[in-house]
């Protein structure tokens, strides 16, 4: 007797939409939608206004909503189709007439309806009040507003408290002739700061605004923060990059920025309470936040936020799946481990999917594999790479090569993506955890469960998708390392990054395979000098962290203010079985060790809240 297969609602939704696109509805009915703001127009720049759509449809089906914001005639998608009918639109930081548009779509019929409203943002600063500092919803973030500056100049804001001898600065903005508005972040709670706007011409300071003071608020008691403690203090040279951004994986812990002594200077709590974590900082004071895996991919958000916690861009896995299936590709079960921006504004990420590839492949078991996805700045898929269907994947990533330690995933377990029903267990074949655009325009993918790092022929979107090489044990490279090392190769690695060019690669060597063979060994931080022409890799640094961190982790070259390497930073994100994480920064003059009482996916050591290291 055959048993019926239970199909999740999100798959029914995607199927219904696909049918609607191929066989348009004969119904004359279309949805009806209205749009209303939480505050009336006009409002000062920086005011957060939540827009709510009220829709109905005589046809049955799930209604989904997308939002666009911009000046009239030049709208940009800020949230792609999803279930939520309200959106806290990113507050305008420039006075102007803006337009907000919502589109409602019936996922069964494919019918849509659109409406919009205009909204005016007014300047805070004027000739009577040339400099104004306003609080934001985040008590550690201020809005600095000043009257305009010459169009040939740029402007930044310098700020410091009474004990700081070197001011921090915001990211610069070009002068437009209108008012200038900056989110100022990286400040301690309940502390007074002096702030001044500085005008720059060809990089030289040519003037400044009046200096004003601002006192930050206290962190609300409702915000859950981990406990951090200094095991070994940072040496003075660390002042070049004094900020650590912590990506915590156990909700409801807030995502935080701290100084190197563990004192909080910034935090983020998602507006909708969606569990998840920061994946990467973006230059200018922005971050990517990824919702944790959900069995309904429309409920797994992927969003870019600013320092005030405002959502600037948002899509979801369900919407990405619509685009993939429309061109004949498999739907993802989730997006996991990586989302980051490219210099041209595109967005790259790693997705997971599972499938039984055949009765003779891994004993006919369901297996998990990976897809690399590229979105354009409008959140639309423009390129993807599938680890099963790429041109030479069958030989370079043979599906008969099991996960090195035989790892499997069970539906609903932490660290596992959702599985396609009715499967409940899958071989976690190609578990991957970092994706980077290489300086030569190709992609670097860390495949944890193969103990390999592969380079994919991307060529900034024009590549074949073929695997160019595999770095790691039993890969294509010869490793030149310590002859006394029992196992010099990395294994089950995290956060593999080119540093500066294609000569050096940093990574966190969790070491699972090595530790399985030599149980007394620890996790390590590694820096490799890679010669892609001769396919040789030289182990330049191989730091024993003195502990085991069998999951999570990050690696980073530390820089001076002049951009010169001065140290190496590693995050042991899963120390002591996930009960703590250790941030370790090695300098010639000393070593920082900062411990948190919960697991951390990554940390990023930064010059300020606006300036991540070069590999980010």
Quiz item: What is the extension gain from residue 459 to residue 272, computed as 0.36 nm multiplied by their sequence separation minus the C-alpha to C-alpha distance, in nm to one decimal?
Solution: 63.6 nm
Quiz item: According to a simple spin-label model (label point 7 Å from Cα along Cα-to-Cβ), what is the distance in nm between residue 521 and residue 29?
Solution: 6.5 nm
Practice problem: Counting helices only, and only those DSSP H runs with n ≥ 4, report the 222 nm mean residue ellipticity of the chain as the sum of -39,500 (n - 2.57) divided by its residues, in deg cm²/dmol to the nearest 500. | Solution: -1500 deg cm²/dmol
Quiz item: Given 5 Å bins starting at zero, what is the percent of C-alpha pairs of the stretch 299-378 in each, up to the one with the largest pair distance?
Solution: 3, 13, 21, 22, 17, 10, 6, 4, 2, 1, 0
Quiz item: In angstroms, what radius of gyration and Dmax does the chain have, counting Cα atoms only?
Solution: 25.0, 82
Quiz prompt | Directionally averaged projected area (convex hull, Cα atoms, the stretch 142-282), nm² | solution = 10.4 nm²
Quiz item: Can you give the FRET efficiency for residue 58 and residue 120, using 1/(1 + (r/R0)^6), R0 = 45 Å, r = Cβ-Cβ distance, to the nearest 0.05?
Solution: 0.80
Exercise. Please identify which residues in the stretch 118-161 have an amide N closer than 15 Å to a label point set 7 Å out from the Cα of residue 192, following the Cα→Cβ vector.
Key: 160-161
Quiz item: Where does each of 238, 523, 152, 134 land when they are ranked from fewest to most other beta-carbon atoms within 10 angstrom?
Solution: 152, 134, 238, 523
Self-check item: Neighbour-count ranking [beta-carbon atoms within 10 angstrom, fewest first] of 400, 112, 311
Solution: 400, 112, 311
Quiz item: Which length gain, in nm to one decimal place, applies between residue 178 and residue 237 when the Cα-Cα distance is subtracted from 0.36 nm times their residue separation?
Solution: 17.3 nm
Practice problem: Once you have the Cα-Cα distance between residue 474 and residue 201, take 0.36 nm times their residue separation minus that, and quote the gain in nm to one decimal. | Solution: 92.9 nm
Quiz item: What FRET efficiency would be calculated for the residue pair residue 208, residue 544, taking the C-beta separation as r and a Förster radius of 51 Å, to the nearest 0.05?
Solution: 0.55
Quiz prompt | the stretch 535-616 - convex hull of alpha carbons, volume per residue in Å³ | solution = 127 Å³
Practice problem: Determine, for 246, 337, the number of other Cβ atoms within 10 Å of each Cβ, and report the residues in order from fewest to most. | Solution: 337, 246
Self-check item: FRET efficiency for residue 365 and residue 229, using Cβ-Cβ distance with R0 set to 60 Å, rounded to 0.05
Solution: 0.85
Practice problem: Please compute the Cα-Cα pair-distance distribution of the stretch 131-215 with 10 Å bins starting at 0, giving whole percents from short to long. | Solution: 18, 53, 25, 4
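Bear in mind these aren't lab numbers, they're just calculated from the coordinates by the rules spelled out. Keep in mind the model is a prediction, meaning the values are calculated, not measured. With ideal geometry, Cβ positions are generated from the backbone for all residues, glycine too; neighbour counts draw on all protein chains shown.
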